[in-house]
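Colleague: Submitted below is the structure of interest, expressed as structure tokens.
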Amino acid sequence: MTLPRIVIERCQYLATCSEEPGAITRRFASEAMRRAHEVAGEWLREAGMAVRRDHVGNLRGHFEGTGETTLLLGSHLDSVRNAGKYDGPLGVTVAIAAVQRLHDAGRRLPFAIEVLAFADEEGLRFGSTYLGSRAVAGTFDPADLDLTDADGITMRDAIRAFGGDPERIDHDTWSGGALLGYCEVHIEQGPVLEARDLPVGVVSAIAGQARHRITFTGEAAHAGTTPMDKRRDALAAAAIFVQAVEGYAGSSEGLVATVGQLTVKPGAANVVPGEVTLSLDVRHAGDTERVAASRALLDIAAQIAKHRKIGVSTAEISENATVPCSPRLISTLSLAVQDLGRPVTELASGAGHDAVAMSALTEVGMLLVRCKGGVSHNPAESVRTEDVAVAIDVLGRFLELLSKDNPK
Ligand code: GLV
Ligand code: MN
Ligand code: MN
């Protein structure tokens, strides 16, 4: 079987490592992730790599080089709920394929390659993103260990149950010497490459994002006996807020804002909702614009609560600035695309990636692969085998070019 076909089949296999029958849901430190690790560990070994799992739960493969430096390649193995097959796994499997080629040819490069299959990029289980890449970059926040999942399990206990030592996550920080950078291949998750009729594109920057948690607190009451003018309905307030978010972002150039999670309490048909907690995700390629939009939207939440005589509290869950990709890695990736006779295109990524966290450690570069209809975070996510072939070739050429630039 050809390598691109193997990549597709591996992504399809990983899709079966799921917590939900008939859907792809693979959370941080879950049983489904354990099954994904078993098989991905085999793939890493087959490609000639030494394999280990670190404390936070990243799976790492190390391919020896002849020199002292290391290039990091990778992406994540966790998923959103009811995910597609390629968001994350494509980058891991393409990286393995590129190393497999070197291994099959009996090649060693002047630098080592470490393939990182990150434990958590999406933040589905604990709401806190980039757990795996932050551990490697040395920016993991130990306070996150006290976060709990929907079942009340702390991150500390989840890490322990998965086989890691939560008190030693600082040992996961990269300590292998000088780095040449971190490069991530990822499905585009948007419509730009398809519109430009191109298989791959080079990322210029990754848009910053903020996540907030907002809780409206009204008063639970009897749905049959409480008159409409006596209610303090938290869900009615939240509904107005959701519409306001859509309206605000829709009329602000370059801004996207999303309410994607809503918890209604007590959550019964015959009870006026007393409390609603919702997520707010705000993104813009400009940091000033993103910060201003977050402020304005939180202010709107406060105004709605005041007007409806209910309480509101907000908490910032995460916030990261726009991350520019390294000019050196952008130009090497672009040259690799060009050497393959393909038109070079640069695009900004609206999606967040492990590269964001890794930028605290080293220079980052990213290659995006065309995605059908721009659809992602959805089971319909799809890539073409021919495009995967281009991505593997570009990554292979990129490694050759880096070898020439870094002979020792
Ligand atoms: C990650 O997929 C994100 O951009 O939310
Ligand atoms: Mn994703
Ligand atoms: Mn992703």
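Colleague: Do we find that Phe216 is aromatic (Phe, Trp, Tyr) and either in a helix (DSSP H, G or I) or open to solvent by 20 Å² or more (accessible area, probe 1.4 Å) (or both) in this structure? Before the answer, list the steps.
Modeller: Numbers: aromatic (Phe, Trp, Tyr): yes; either in a helix (DSSP H, G or I) or open to solvent by 20 Å² or more (accessible area, probe 1.4 Å) (or both): no.
Answer is no for this residue.
Colleague: Now for a separate question. Just to check your reading of the model, which residue among Arg35, Arg26 is farther than 17 Å from Phe63 by Cβ and open to solvent by less than 20 Å² (accessible area, probe 1.4 Å)?
Modeller: Arg26
Colleague: Moving on. So which pairs qualify, if the first residue must be in region 337-354 and crowded, with 23+ Cβ neighbours inside 10 Å, the second must be in a loop (DSSP other than H, G, I, E, B), the Cβ gap must be under 6 Å, and the two must be at least 6 apart or on different chains?
Modeller: Filtered contacts from region 337-354: Val337/Val344; Asp354/Glu121.
Colleague: Hey, any hits in region 194-210 for a residue that's aliphatic (A, V, I, L, M) and assigned to a helix (DSSP H, G or I)?
Modeller: yes
Colleague: Restricting to region 116-139, count the residues that are within 15 Å of Ile169 (Cβ to Cβ) and surrounded by fewer than 24 Cβ atoms within 10 Å (Cβ to Cβ).
Modeller: The number of residues fulfilling the criteria is 5.
Residue-by-condition table, conditions (1) in contact with a strand residue (DSSP E or B) (Cβ under 9 Å, 6 or more places away or on another chain); (2) away from ligand 2 (no atom under 16 Å from the Cβ); (3) over 30 Å from Thr66 (Cβ atoms); (4) part of a helix (DSSP H, G or I):
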{"residue": "Gln338", "(1), (2), (3), (4)": "no, yes, no, yes"}
{"residue": "Pro343", "(1), (2), (3), (4)": "no, yes, yes, no"}
{"residue": "Gly352", "(1), (2), (3), (4)": "yes, no, yes, no"}
{"residue": "Thr362", "(1), (2), (3), (4)": "yes, yes, no, no"}
{"residue": "Met366", "(1), (2), (3), (4)": "yes, no, no, no"}
{"residue": "Ser376", "(1), (2), (3), (4)": "yes, no, yes, no"}
{"residue": "Pro379", "(1), (2), (3), (4)": "no, no, yes, no"}
{"residue": "Ile392", "(1), (2), (3), (4)": "yes, yes, no, yes"}
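Colleague: Any chance you could count how many residues in region 234-248 are touching a Lys or Arg at 6+ places or on another chain (Cβ under 9 Å) and either open to solvent by 40 Å² or more (accessible area, probe 1.4 Å) or free of Cβ contacts under 8 Å to residues at least 60 places away in the same chain (or both)?
Modeller: Here the count works out to 1.
Colleague: Looking only at region 167-193, which residues are of a type outside the set (A, V, I, L, M, F, W, C) and either more than 16 Å from ligand 3 (Cβ to nearest atom) or part of a helix (DSSP H, G or I) (or both)?
Modeller: Glu167, Arg168, Asp170, His171, Asp172, Thr173, Ser175, Gly176, Gly177, Gly181, Pro191, listed by residue number.
Colleague: Could we say that Ile113 is more than 16 Å from ligand 3 (Cβ to nearest atom), of a type in the set (A, V, I, L, M, F, W, C), assigned to a strand (DSSP E or B) and open to solvent by less than 10 Å² (accessible area, probe 1.4 Å) here? I'd like the intermediate steps shown before the answer.
Modeller: Numbers: more than 16 Å from ligand 3 (Cβ to nearest atom): yes; of a type in the set (A, V, I, L, M, F, W, C): yes; assigned to a strand (DSSP E or B): yes; open to solvent by less than 10 Å² (accessible area, probe 1.4 Å): yes.
When the stated conditions are applied, Ile113 passes them.
Colleague: Being farther than 12 Å from Arg26 by Cβ, assigned to a loop (DSSP other than H, G, I, E, B) and open to solvent by 10 Å² or more (accessible area, probe 1.4 Å), is that true of even one residue in region 77-88?
Modeller: Yes.
Colleague: Taking into account only those residues within region 263-301 that are of a type in the set (Gly, Ala, Ser) and touching a Pro at 6+ places or on another chain (Cβ under 8 Å), which is surrounded by the most Cβ atoms within 10 Å (Cβ to Cβ)? Talk me through it step by step, then tell me what you get.
Modeller: The initial filter retains those residues of region 263-301 that are of a type in the set (Gly, Ala, Ser), namely 267-269, 274, 279, 285-286, 292-294, 296, 301.
Narrowing further to those that are touching a Pro at 6+ places or on another chain (Cβ under 8 Å): 267, 274.
On the way: Gly267: 13, Gly274: 20.
In this case the residue turns out to be Gly274.
Colleague: Look through Gly224, Gly260 and report the one residue that is part of a loop (DSSP other than H, G, I, E, B), closer than 25 Å to His307 by Cβ and open to solvent by 50 Å² or more (accessible area, probe 1.4 Å).
Modeller: When all the criteria are applied, what remains is Gly260.
The values are calculated or read from the model by the stated rules, or taken from the named source; none is laboratory data. Everything numeric here is computed off the predicted structure, so don't read it as measured data. Every residue, glycine among them, receives a Cβ derived from its backbone with ideal geometry; neighbour counts consider all protein chains shown. Keep in mind that these areas ignore ligands, DNA and RNA; they rest on the heavy atoms of the full protein, side chains included. Shrake-Rupley method; radii C 1.70, N 1.55, O 1.52, S 1.80 Å.
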